[in-house]
Amino acid sequence: MAKRDYYEVLGVSKGASEQEVKKAFRRIAMKYHPDRNSDDKNSDEKFKEAQEAYEILGDEDKKAAYDRFGHAGVDGNAGGGGGGGAGFSDVFGDVFGDIFGGSGGGRGRAGPARGSDLRYDLQLDLEDAVKGKTVQIDVPTMSQCEPCDGSGARKGSSPVSCTTCGGVGQVRMSQGFFSVQQACPKCRGRGQMISDPCGECHGQGVKEERKTLSVKIPAGVDTGDRIRLADKGEAGPQGGPNGDLYVEMHVRSHAIFVRDGANLHCEVPISFSQAGLGGELGVPTLSGKVKLKIPAETQSGKLFRLRGKGVAPVRGGATGDLLCRVILETPINLSPEQKDLLDQFDKSLAGKSKHSPRTESWFNGVKKFFDNLTG
């Protein structure tokens, strides 16, 4: 039976680039791989046909011979599934590494692992969160071992090549007539092992210590905001790069203010006479005391807005406001004389609804409610 044209097998043109040829083979190989088509006898033949085509078209010299002389120019160089063309092991590992649990072929050793990222919970007063501050923090972490310079090997010695992978960092595994590469299980892809470990870090290249770091807190941060300090996390084992440190903000509750985004809220107690006659109150803000004008006949719960007295958000935007809610405070520990005065005042208001419009409205509502029940 005559062989099909290799370009036709892969579905590419003669002018296709190396990447286009590789991509076409990946697509066909994934579709017809025997492990994925165990019930289809034709899939094995189609896979071998695609493999043979890629062995030729994936190699520059063999491709040139094929373009000039056709199948006659490459007979004996294809179809065995053994040697393969240039780059065949790379594409083979890329396609099938995940099937067999490998890490892909031809990618070299993994190298030293990166250190772990760390999180530090920073407690802040509201004033410091709003205005910003530079703080010192002590962070327990794993740092590079000084006696061995992070190599993990005792001073004067060096890591040696892994006896399993020969220093490559990968091992080849056979799956039937397929062969794939994966990270070496003994050295975990590093390609090296510690034969004489450092006595200080026991071959890990890192040891536990506490670091004191200076952290600049920008103005306007809030609970949940994070600052990333690059390379301030744990050192990687055996000379690997450091991880990062994330400082997470936690703003403490305040005795006066409650924050809501860019706005601040507070409650301001006022006396009966201040609410009735009006006046001015000194109200605290994070930037100093200001005057709050209370109109006469102010009701308890009324909200006053002091614009621009809130928080400037850390990510930009308009400064928020301070929202002051006045709360009428009932006097306590009254003397007999004070009680008598209040009683006289209350009697002077009796029957005069203009002084208590809400009271009259409420009683009218209650009366209507009971009338509907009994009606």
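The single condition among (1) at pLDDT below 95; (2) open to solvent by less than 50 Å² (accessible area, probe 1.4 Å) that Thr212 does not meet is (2). Inside segment 113-125, can you point out the residues that are surrounded by fewer than 19 Cβ atoms within 10 Å (Cβ to Cβ) and part of a loop (DSSP other than H, G, I, E, B)? Those that are surrounded by fewer than 19 Cβ atoms within 10 Å (Cβ to Cβ) and part of a loop (DSSP other than H, G, I, E, B): Ala113, Arg114, Ser116, Asp117, Asp125. Which residues, taken from segment 126-182, are hydrophobic (A, V, I, L, M, F, W, C), in contact with a strand residue (DSSP E or B) (Cβ under 6 Å, 6 or more places away or on another chain) and part of a loop (DSSP other than H, G, I, E, B)? Correct list: Cys145, Cys162, Cys165.
Note on segment 310-346: residues that are out of contact with any strand residue (DSSP E or B) (no Cβ under 6 Å at 6 or more places or on another chain), of a type in the set (Gly, Ala, Ser) and touching a residue at least 12 places away in the same chain (Cβ under 8 Å) total 3. Screening segment 136-193 for residues that are among the aliphatic types (A, V, I, L, M) and modelled with pLDDT under 75 and picking the one that is farthest from Ala29 (Cα to Cα) gives Met173. Go through (1) on the phi > 0 side of the Ramachandran plot; (2) surrounded by 14 or more Cβ atoms within 10 Å (Cβ to Cβ) one by one and return the number of the condition Phe272 breaks. Among (1) on the phi > 0 side of the Ramachandran plot; (2) surrounded by 14 or more Cβ atoms within 10 Å (Cβ to Cβ), the lone unmet condition for Phe272 is (1). I'd like to check something: does segment 184-203 contain any residue that is over 28 Å from the mean Cα position of the chain (by Cα), at positive phi and open to solvent by 40 Å² or more (accessible area, probe 1.4 Å)? Yes. Among residues of segment 37-74 being at pLDDT 70 or above, part of a loop (DSSP other than H, G, I, E, B) and open to solvent by 20 Å² or more (accessible area, probe 1.4 Å), the one that is nearest to Tyr6 (Cα to Cα) is Asp59.
Look at (1) open to solvent by 80 Å² or more (accessible area, probe 1.4 Å); (2) of a type in the set (Val, Ile, Thr); (3) under 21 Å from His254 (Cβ atoms) and you find that Thr285 fails only one, number (1).
The one condition from (1) open to solvent by 50 Å² or more (accessible area, probe 1.4 Å); (2) under 30 Å from Gly224 (Cβ atoms); (3) of a type in the set (S, T, N, Q) that Asn263 does not meet is (1).
Regarding His250, is this residue out of contact with any Phe, Trp or Tyr (no Cβ under 8 Å at 6 or more places or on another chain), surrounded by fewer than 19 Cβ atoms within 10 Å (Cβ to Cβ), in contact (Cβ under 8 Å) with a residue 12 or more places away in the chain and assigned to a strand (DSSP E or B)? Yes. In segment 294-302, the count of residues that are aliphatic (A, V, I, L, M), within 30 Å of Leu118 (Cα to Cα) and open to solvent by 20 Å² or more (accessible area, probe 1.4 Å) is zero.
Scanning segment 183-233 for residues that are of a type in the set (A, V, I, L, M) and part of a strand (DSSP E or B) yields Ala183, Met193, Val206, Leu213, Val215, Ile217, Ile227, Leu229.
On inspection, Gly316 passes the criterion of being loosely packed, with under 10 Cβ neighbours inside 10 Å and within 57 Å of the chain's Cα centre (by Cα). The set of residues from segment 231-247 being within 14 Å of the chain's Cα centre (by Cα) and either surrounded by fewer than 17 Cβ atoms within 10 Å (Cβ to Cβ) or at positive phi (or both) comprises just one member, Tyr246.
The values are calculated or read from the model by the stated rules, or taken from the named source; none is laboratory data. Everything numeric in this text was worked out from a predicted model, so none of it was measured. For neighbour counting, all protein chains shown are included, and Cβ atoms are generated from backbone atoms with ideal geometry for every residue, glycine included. Heads up: the accessible areas ignore ligands, DNA and RNA and are worked out on the full protein's heavy atoms, side chains in. Shrake-Rupley method; radii C 1.70, N 1.55, O 1.52, S 1.80 Å.
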